[in-house]
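Notes to accompany the following structure.
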């Protein structure tokens, strides 16, 4: 198959980089964008960052027909063997199957803070449905990223669908042009906007292990309600991948990246990766916007275990740790 880079326009790269550089849209190596025709799809490679879309080669070309077949159960779902250039050492995103299956030229998936704040609770989901009721959107229940999530999406989309809210995961916007998708994202963000609360933060006095330091996210440990939420489990996949289940209250194995000291603060290990720091900020950004009447729901221990023992996510963790 002849490989052409003509699909990857400067507008597409600019949009990808803009989203990747906005922590209210994408955190670290999270999120992915794609652009395609009938035969070829360029998609962000696993473990790379959208923020680098204009400065690094972060996209990989796949056989769109073969990737779409994997979305429908033919193959292992990783889409690794759909990569067109056999010499390339990048893996396509673990979300490649839904990008290939959605019948739109441009597909963007973000971990929008506004969206996440709505879709982690039943109350927020109901509010989001009302806010977007006159738009071409659907809401999809949580499923493991990859083929399971693709199956849930394909069971609900129709020819009019351009906006997909993923419970406990994020946002997908689709369209025929970069401009159309950018405008959809902007409209969804405007409608789902929730202002951050004024946070009362007292610098902790407690002396901690020298391998750690206190973070500006320490306010979460000082708020009893938020403290109870964030130690109960994880609310979206990337938290599990980079920080583990919830926020632990002790450094049990000597490798814990973040430790919550109830009533005191949140401590972060000195060798924590940028991706782990981004995930902690993501959690804080959500919690400082979560209305008091909305009760966040974790993805559950079984879903967490699936992510922690998944080779595809171990690969992404490895790449993130090298940055």
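The values are calculated or read from the model by the stated rules, or taken from the named source; none is laboratory data. No experiment lies behind these values; they were computed from the predicted model shown. All Cβ positions, even for glycine, are placed from backbone atoms using ideal geometry, and neighbour counts span all protein chains on display.
Taking segment 309-323, which residues are modelled with pLDDT of 55 or more and more than 20 Å from residue 80 (Cα to Cα)?
Matches in segment 309-323: 321, 323.
Return yes or no: is residue 10 at pLDDT below 95 and surrounded by fewer than 14 Cβ atoms within 10 Å (Cβ to Cβ)?
Numbers: at pLDDT below 95: no; surrounded by fewer than 14 Cβ atoms within 10 Å (Cβ to Cβ): yes.
Considered against the rule, which asks whether it is at pLDDT below 95 and surrounded by fewer than 14 Cβ atoms within 10 Å (Cβ to Cβ), residue 10 comes out as no.
Tally the residues that are in a strand (DSSP E or B) and either under 28 Å from residue 99 (Cβ atoms) or touching a residue at least 60 places away in the same chain (Cβ under 8 Å) (or both), restricting the search to segment 160-216.
In the first step, residues of segment 160-216 are kept if they are in a strand (DSSP E or B); the result is 163-166, 170-175, 212-214.
Add one more test, that the residue is either under 28 Å from residue 99 (Cβ atoms) or touching a residue at least 60 places away in the same chain (Cβ under 8 Å) (or both), and what stays is 163-166, 170-175.
Total satisfying the criteria: 10.
Could you check how many residues of segment 1-25 are in a loop (DSSP other than H, G, I, E, B), in contact with a strand residue (DSSP E or B) (Cβ under 6 Å, 6 or more places away or on another chain) and within 26 Å of residue 236 (Cα to Cα)?
1
Out of 47, 75, 28, which single residue is more than 21 Å from the chain's Cα centre (by Cα) and in a loop (DSSP other than H, G, I, E, B)?
Among 47, 75, 28, only 75 is more than 21 Å from the chain's Cα centre (by Cα) and in a loop (DSSP other than H, G, I, E, B).
Looking at (1) assigned to a loop (DSSP other than H, G, I, E, B); (2) touching a strand residue (DSSP E or B) at 6+ places or on another chain (Cβ under 7 Å); (3) surrounded by 22 or more Cβ atoms within 10 Å (Cβ to Cβ), can you tell me which one residue 145 breaks?
For residue 145, the exception is condition (2).
Got a sec? Which of 110, 161, 97, 117 is crowded, with 22+ Cβ neighbours inside 10 Å and more than 19 Å from residue 25 (Cβ to Cβ)? Reasoning before the result, please.
Values: 110 fails: more than 19 Å from residue 25 (Cβ to Cβ); 161 fails: crowded, with 22+ Cβ neighbours inside 10 Å; 117 fails: more than 19 Å from residue 25 (Cβ to Cβ).
Only one candidate passes the filter, namely 97.
May I ask you to list the residues in segment 224-255 that are surrounded by fewer than 19 Cβ atoms within 10 Å (Cβ to Cβ) and without any contact (Cβ under 8 Å) to a residue 40 or more places away in the chain?
224, 228, 231, 248, 249, 250, 252, 253, 254, 255
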